[in-house]
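The values are calculated or read from the model by the stated rules, or taken from the named source; none is laboratory data. Given the structure is predicted, the values throughout are model-derived calculations rather than measurements. Methodologically, a virtual Cβ is constructed for each residue, glycine included, from the backbone with ideal geometry; neighbour enumeration extends over all protein chains shown.
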Amino acid sequence: MKKENNLRWAGLSLFVLLMDGLSKYEVTQTFTLGQAKAMGPYLNLVFVYNRGTAFGLLSHSAVWAYWFLTVLALVVSVAIVVGLYQLPRNENWQGCGLAFVLGGALGNVWDRLTLGRVIDFIDFHIQSWHFATFNVADAAITVGAVMLLWKIVRGKVM
């Protein structure tokens with residue numbers, strides 16, 4: 001199949017980036033650092049900073065981790081843009097997955113470059129067990145990665 005410009009997915013990436021930024025802005029304007037508010041029996045909103053990756057990995061590492069994560073996210077973002085450009089136009093599932101990952105990666109890179117850390121605020125929990133606190137960008141990356149893994153499992157990647 002002829003490959004056509006598939007950068008139309010940039011709109012979805014931009015939407016993810018904007019929703020991530022707006023949600024983080026709202027949290028920083030509404031909450032003080034560390035403040036939590038119960039939103040239901042399994043969900044809290046809590047304003048925290050994370051210097052590491054998803055799930056707090058590398059959060060206590062030296063400065064090298066900051067630069068490693070920032071450069072890695074930028075390199076992956078460039079690779080995704082190239083991949084989207086080369087993706088056949090009818091590959092909607094894969095295009096959507098890549099767009100989610102791109103938007104999420106750029107959302108967290110923005111935080112790292114402007115704040116030196118990432119704002120997290122979504123806290124799922126069951127009684128006293130808490131899942132890692134995350135944000136819209138992390139959720140988008142996770143959804144996008146699952147979509148791409150599904151394509152791999154089904155054996156239909158690019």
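In segment 27-51, the residue that is surrounded by the most Cβ atoms within 10 Å (Cβ to Cβ) out of those that are out of contact with any Lys or Arg (no Cβ under 8 Å at 6 or more places or on another chain) and among the hydroxyl-bearing types (Ser, Thr, Tyr) is Thr28. Take the residues in segment 73-114 that are of a type in the set (D, E, K, R) and surrounded by 14 or more Cβ atoms within 10 Å (Cβ to Cβ), then tell me which one is nearest to Ala140 (Cα to Cα). Filtering segment 73-114 for residues that are of a type in the set (D, E, K, R) and surrounded by 14 or more Cβ atoms within 10 Å (Cβ to Cβ), the one nearest to Ala140 (Cα to Cα) comes out as Asp111. Considering segment 58-72, and only residues there that are aromatic (Phe, Trp, Tyr) and farther than 16 Å from Trp110 by Cβ, the residue that is modelled with the highest pLDDT turns out to be Phe68.
For every residue, the table says whether it meets (1) touching a Lys or Arg at 6+ places or on another chain (Cβ under 7 Å); (2) at negative phi; (3) not polar (S, T, N, Q).
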| position | (1), (2), (3) |
| --- | --- |
| Trp93 | yes, yes, yes |
| Ala105 | no, yes, yes |
| Ile122 | no, yes, yes |
| Trp129 | no, yes, yes |
| Thr142 | no, yes, no |
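The lone criterion from (1) at pLDDT below 95; (2) within 22 Å of Thr32 (Cα to Cα) left unmet by Ala137 is number (1).
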